[in-house]
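The values are calculated or read from the model by the stated rules, or taken from the named source; none is laboratory data. In this text the structure is predicted, and so the values were computed from the model without any measurement. Counting neighbours? That spans all protein chains shown, and the Cβs are built from the backbone with ideal geometry, glycine included.
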Amino acid sequence: MVAECKTCKQQQNIMKRCVRCKSIYYCSRACQAEDWPAHKLQCNGDQANSTVKSAVCVKATEEREKENRDKLPQKSTVVTVKCNRKKYKISVTDCAKDAMKVVSETVKIPLDKLKLICKGKVVTEDNFSTFVFSEGSKIFMALGEESEDESGLHSGDIETIMEQLHVDRNRAVRGLKECKGDLIDAILFVGDKL
């Protein structure tokens, strides 16, 4: 059976159809989006039931993908990351989330502040595997403020300075180090620098 696109009347062997009512066919996502304002008024799909089915399908799909990922052997390679005039050789896997976390921990830049650059492009969790395993890129540049060493300092003191003065963690740590761990002096010191 060859269906006809509701919007442009084009006929193709493979068509897309409305997920809610499953009775209207479209040749492309663009045609479906164009027709949606008119179609949603007459679509007889049970929205609540559709949402529940959709959520169940998404969860089942995610679980299958996780199981497949766990069964497949992970690829591994060594990349070079340049950061603050230092070079780090880091072994990473094809799991982008884990790889970004390893890079973040190695270069001591918090993951939320880490920017990886490769061949002039920003590398994210979404495109990390493409750069490393498809394109064979092995050299990256890490940008971001390095985390200060907090050894010898009380985390409660750091949190207090951050709350009182609304400063980032690194600035609070530097203030405490400068004042040899004295909280009151650190608050005054950091406050004067603002």
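Evaluate the following for LYS180: is it assigned by TED's automatic domain parsing to the domain that holds ASN84 and without any contact (Cβ under 8 Å) to a residue 40 or more places away in the chain? Talk me through it step by step, then tell me what you get.
Values: assigned by TED's automatic domain parsing to the domain that holds ASN84: no; without any contact (Cβ under 8 Å) to a residue 40 or more places away in the chain: yes.
The answer is no for LYS180.
Is at least one residue of region 125-132 part of a helix (DSSP H, G or I), among the small types (Gly, Ala, Ser) and farther than 21 Å from LYS82 by Cβ? No, every residue in region 125-132 fails to be part of a helix (DSSP H, G or I), among the small types (Gly, Ala, Ser) and farther than 21 Å from LYS82 by Cβ.
If I filter region 130-144 down to residues being aliphatic (A, V, I, L, M) and in contact with a helix residue (DSSP H, G or I) (Cβ under 9 Å, 6 or more places away or on another chain), which single residue comes out as modelled with the lowest pLDDT? Once the filter is applied, the top-ranked residue is VAL132.
Do we have SER147 as in a loop (DSSP other than H, G, I, E, B), within 24 Å of ARG169 (Cβ to Cβ) and hydroxyl-bearing (Ser, Thr, Tyr) here? Answer is yes for this residue.
What residue, of LYS97, LYS113, is basic (Lys, Arg) and not in a helix (DSSP H, G or I)?
Details: LYS97 fails: not in a helix (DSSP H, G or I).
Result: LYS113 is the single residue among LYS97, LYS113 that is basic (Lys, Arg) and not in a helix (DSSP H, G or I).
Every condition in (1) surrounded by fewer than 16 Cβ atoms within 10 Å (Cβ to Cβ); (2) more than 20 Å from LYS193 (Cα to Cα) is met by ALA142 except one, and the failing one is (1).
May I ask you to say which residue of PRO73, PRO110 is closer than 20 Å to ASN127 by Cα and either in contact with a His (Cβ under 7 Å, 6 or more places away or on another chain) or modelled with pLDDT of 85 or more (or both)? Full working, then the answer.
On the way: PRO73 fails: either in contact with a His (Cβ under 7 Å, 6 or more places away or on another chain) or modelled with pLDDT of 85 or more (or both).
So the residue among PRO73, PRO110 that is closer than 20 Å to ASN127 by Cα and either in contact with a His (Cβ under 7 Å, 6 or more places away or on another chain) or modelled with pLDDT of 85 or more (or both) is PRO110.
Here the condition is being in contact (Cβ under 8 Å) with a residue 24 or more places away in the chain and within 29 Å of the chain's Cα centre (by Cα); of GLY144, GLY136, GLY191, it holds for GLY144 alone.
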